[in-house]
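Peer 1: Mind having a look at this structure? Questions to follow.
The values are calculated or read from the model by the stated rules, or taken from the named source; none is laboratory data. Just so you know, these numbers come straight off a predicted model, no measurement behind them. Heads up, the Cβs are rebuilt from the backbone with ideal geometry, glycines too, and the neighbour counts pull from every protein chain shown.
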């Protein structure tokens, strides 16, 4: 059933926004997306994107549900402990919005399977907690000319950035080739559930702009937030001329 049939019910309050309307809602309903990671950020972004009513959503994760996840990962319950995250998330999201076709892929993203992320989709949302797969996804999206929405959280701090191939900076322009082994894990830093919701919501806001054909706000910009003092800042990013993304820029 098309979004038009639902415009007065399920999607009515969203369609009523001056920035949306029925024509742009139809564009959202036609969108195919991938979200990599179904943990903290993944819980927020998968639920919001599914509720928005995209046509197709692929979710990718290789983890199982652990008790420590339950404090912030809203897709999961006590009875899900030990089960594959994508399996549980798929069932949850299908109930959340039956309009959306959900595909669950249990996999760890590596160079050899990077095409899993970009195959037949219009945009990719990063909900990971490690940089090694992020760099793989960043380059794969640049090669395939698919928008990539970066998000990262640690403690009470979060960052978001939108990478549009050929239009400016990518995450390597910002972070270079940072090594995961040199970064603290969430078991060391802790994680505040509120910062996950802030960054995830920013990612979905940027994704919505892409879906409806509006220019995202975070091209060549990094949104920084620190909830310890409610500090929000947008940092301008200068595209590096020695970066992988440089050869494909306009």
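Peer 1: Of the residues 93, 41, only one is farther than 21 Å from residue 213 by Cα, in contact with a helix residue (DSSP H, G or I) (Cβ under 8 Å, 6 or more places away or on another chain) and in contact (Cβ under 8 Å) with a residue 60 or more places away in the chain; which? Walk me through it before giving the result.
Peer 2: Details: 93 fails: in contact (Cβ under 8 Å) with a residue 60 or more places away in the chain.
Exactly one of 93, 41 is farther than 21 Å from residue 213 by Cα, in contact with a helix residue (DSSP H, G or I) (Cβ under 8 Å, 6 or more places away or on another chain) and in contact (Cβ under 8 Å) with a residue 60 or more places away in the chain, namely 41.
Peer 1: Take residue 157 and decide whether it is buried (at least 23 other Cβ atoms within 10 Å of the Cβ) and either within 22 Å of residue 235 (Cα to Cα) or in contact with a strand residue (DSSP E or B) (Cβ under 6 Å, 6 or more places away or on another chain) (or both).
Peer 2: Values: buried (at least 23 other Cβ atoms within 10 Å of the Cβ): no; either within 22 Å of residue 235 (Cα to Cα) or in contact with a strand residue (DSSP E or B) (Cβ under 6 Å, 6 or more places away or on another chain) (or both): yes.
No; evaluated as a whole, the condition is false for this residue.
Peer 1: Go through region 53-138 and tell me which strands (runs of 3 or more DSSP E), entirely inside it, have 3 or more residues that are surrounded by fewer than 17 Cβ atoms within 10 Å (Cβ to Cβ).
Peer 2: 101-106
Peer 1: Can you name every residue in region 13-38 that is under 24 Å from residue 148 (Cα atoms) and crowded, with 20+ Cβ neighbours inside 10 Å?
Peer 2: Result: 25, 28, 29, 31, 33, 34, 35, 36, 37, 38.
Peer 1: Looking at residue 45, is it in a helix (DSSP H, G or I), surrounded by 23 or more Cβ atoms within 10 Å (Cβ to Cβ), modelled with pLDDT of 95 or more and in contact with a strand residue (DSSP E or B) (Cβ under 9 Å, 6 or more places away or on another chain)?
Peer 2: Considered against the rule, which asks whether it is in a helix (DSSP H, G or I), surrounded by 23 or more Cβ atoms within 10 Å (Cβ to Cβ), modelled with pLDDT of 95 or more and in contact with a strand residue (DSSP E or B) (Cβ under 9 Å, 6 or more places away or on another chain), residue 45 comes out as yes.
Peer 1: Give the residue, chosen from 65, 15, that is free of Cβ contacts under 8 Å to residues at least 24 places away in the same chain, within 23 Å of residue 155 (Cβ to Cβ) and in contact with a helix residue (DSSP H, G or I) (Cβ under 8 Å, 6 or more places away or on another chain).
Peer 2: 65
Here is a yes/no grid of residues against (1) at positive phi; (2) in contact with a helix residue (DSSP H, G or I) (Cβ under 7 Å, 6 or more places away or on another chain); (3) at pLDDT 95 or above:
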residue: 125; (1), (2), (3): no, yes, yes
residue: 128; (1), (2), (3): no, yes, yes
residue: 131; (1), (2), (3): no, yes, no
residue: 135; (1), (2), (3): no, yes, yes
residue: 139; (1), (2), (3): no, yes, yes
residue: 148; (1), (2), (3): no, yes, yes
residue: 163; (1), (2), (3): no, yes, yes
residue: 167; (1), (2), (3): no, no, no
residue: 171; (1), (2), (3): no, yes, yes
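Peer 1: Of the numbered conditions (1) in contact (Cβ under 8 Å) with a residue 60 or more places away in the chain; (2) within 16 Å of the chain's Cα centre (by Cα), residue 86 satisfies every one except a single condition; which is it?
Peer 2: Exception for residue 86: condition (1).
Peer 1: Continuing with the same structure: Taking region 77-88 as the region of interest, how many residues are in contact with a helix residue (DSSP H, G or I) (Cβ under 6 Å, 6 or more places away or on another chain) and within 30 Å of residue 25 (Cα to Cα)?
Peer 2: The number of residues fulfilling the criteria is 1.
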